[in-house]
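Engineer: To start, I am sharing the structure in question, which I have written as structure tokens.
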Amino acid sequence: MVQTQLPSTHLTITPKVLYFGTPVVVISSLNPDGTTNLAPVSSYWALGDLLVIGLGSTGQTVGNIRRNGELVVNLCDETHWRAVESLALLTGASPVPADKPAGCRFEPDKFAVAGWSRLASTTTTPERILEAGAHIEARATALHEEEGGYVVVHARATAVHAAPEMVVAGTSHINPSIWRPLIYSFRHYFGLGPRRGIAARADLQH
């Protein structure tokens, strides 16, 4: 049977960014002087214990990971958007890299700017953000240079921590009805709406 192909009503566009909806994380990395740098990131995903993170090639975070190899992925919830945004025009690099946006300035203590507290890590040196709902400590396994001034970091998780209220009692499962990640969509911040369904492979079926 021959099926008739319907004409497309979609527009062919060239958007400046392709952030169709990704979780916001803040990366902790170790500065040369032993302090912790924080960097908000919207290009992040995970597959098993493999983390893939997109970063600007000239930023302090990439330099720190190249040198030390350790990082922490701090996962923010939807209430943290103002704190995340307060870090947007800050850099841990001095002098400020030329490709940073106008108005960007050097800031050695981003914890203080965001109003966050420091928390020691268990398997890595960079500190965690106490207020973040979850932390993934990790070590980089590869850094890939990409066109456009980007670096893609591959890392393996070495420890995962979560706030007690997010964890289903007696398990290692995050309760998706409790966890409310901060989502970045075309440079706008969003939370999650009501649950629409449950995947067949989900650990929790209620």
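The values are calculated or read from the model by the stated rules, or taken from the named source; none is laboratory data. If you're wondering where the values come from, they're calculated on a predicted model, not measured in any experiment. Cβ placement follows ideal geometry from the backbone for every residue including glycine, while neighbour counts extend to all protein chains displayed. Surface accessibility is based on the protein's heavy atoms, side chains included, excluding ligands, DNA and RNA. Shrake-Rupley method; radii C 1.70, N 1.55, O 1.52, S 1.80 Å.
Engineer: In nanometres, what is the gap between the two model label sites at ALA46 and LEU192, each 7 Å from Cα along Cα-to-Cβ?
Structural biologist: Distance between the two pseudo-spin positions: 1.3 nm.
Engineer: Ignoring any ligand, DNA or RNA, what whole percent of the accessible area of the stretch 25-150 comes from carbon and sulfur when the probe is 1.4 angstrom?
Structural biologist: Ligands and nucleic acids excluded, carbon and sulfur reach 54 percent.
Engineer: On alpha carbon coordinates alone, what is the Rg over Rh value for the stretch 108-158, Rh being the Kirkwood radius?
Structural biologist: Value, to two decimals: 1.06.
Engineer: In the chain, which longest range has no chymotrypsin sites (Phe, Trp or Tyr not before Pro) that are both DSSP loop (not H, G, I, E or B) and surrounded by at most 12 other Cβ atoms within 10 Å?
Structural biologist: Result for the longest clean stretch: 21-185.
Engineer: Mean separation of Cα pairs under 8 Å and 6+ residues apart, divided by the residue count of the chain: what relative contact order is that in percent?
Structural biologist: 23 percent
Engineer: On to the next question. Stretch SER172-LEU89 to full length: gain in nm at 0.36 nm per residue minus the Cα-Cα span?
Structural biologist: 26.3 nm
Engineer: Hand me the GluC sites (Glu not before Pro) from the stretch 62-163 located in a DSSP loop with no more than 10 other Cβ atoms within 10 Å, in residue order please.
Structural biologist: Sites meeting the loop and neighbour criteria: GLU147.
Engineer: What are the ³J(HN,Hα) values, in whole Hz, obtained from phi via the Karplus relation 6.51 cos²θ - 1.76 cosθ + 1.60 with θ = phi - 60°, for each residue of the stretch 81-92 in sequence order, with x given for Gly and Pro?
Structural biologist: Whole-Hz 3J(HN,Hα) from phi for the stretch 81-92: 5, 5, 5, 4, 5, 5, 8, 4, 10, 10, 9, x.
Engineer: Please give the calculated 222 nm ellipticity per residue for the chain, where each DSSP H segment of at least 4 residues contributes -39500 (n - 2.57) and the sum is spread over every residue; nearest 500 deg cm²/dmol?
Structural biologist: That comes out to -2500 deg cm²/dmol.
Engineer: Give me the tail of P(r) for the chain as a percent: Cα-Cα pairs with distance above 27 Å.
Structural biologist: 34 percent
Engineer: Return the tail of the calculated pair distribution for the stretch 9-110, meaning the percent of Cα-Cα pairs more than 23 Å apart.
Structural biologist: Cα-Cα pairs of the stretch 9-110 separated by over 23 Å account for 31 percent.
Engineer: Taking a virtual spin label 7 Å from the Cα of ALA157 along the C-beta vector, which residues in the stretch 26-47 bring their backbone nitrogen under 11 Å of it?
Structural biologist: Flagged as within label range: 46-47.
Engineer: Normalise the Debye intensity by I(0) for the stretch 83-192, one equal point scatterer per Cα, no solvent, then take log10 at q = 0.13, 0.14, 0.18 Å⁻¹ and round to two decimals.
Structural biologist: Debye curve over Cα of the stretch 83-192, log10 I(q)/I(0) at q = 0.13, 0.14, 0.18 Å⁻¹: -0.71, -0.83, -1.33.
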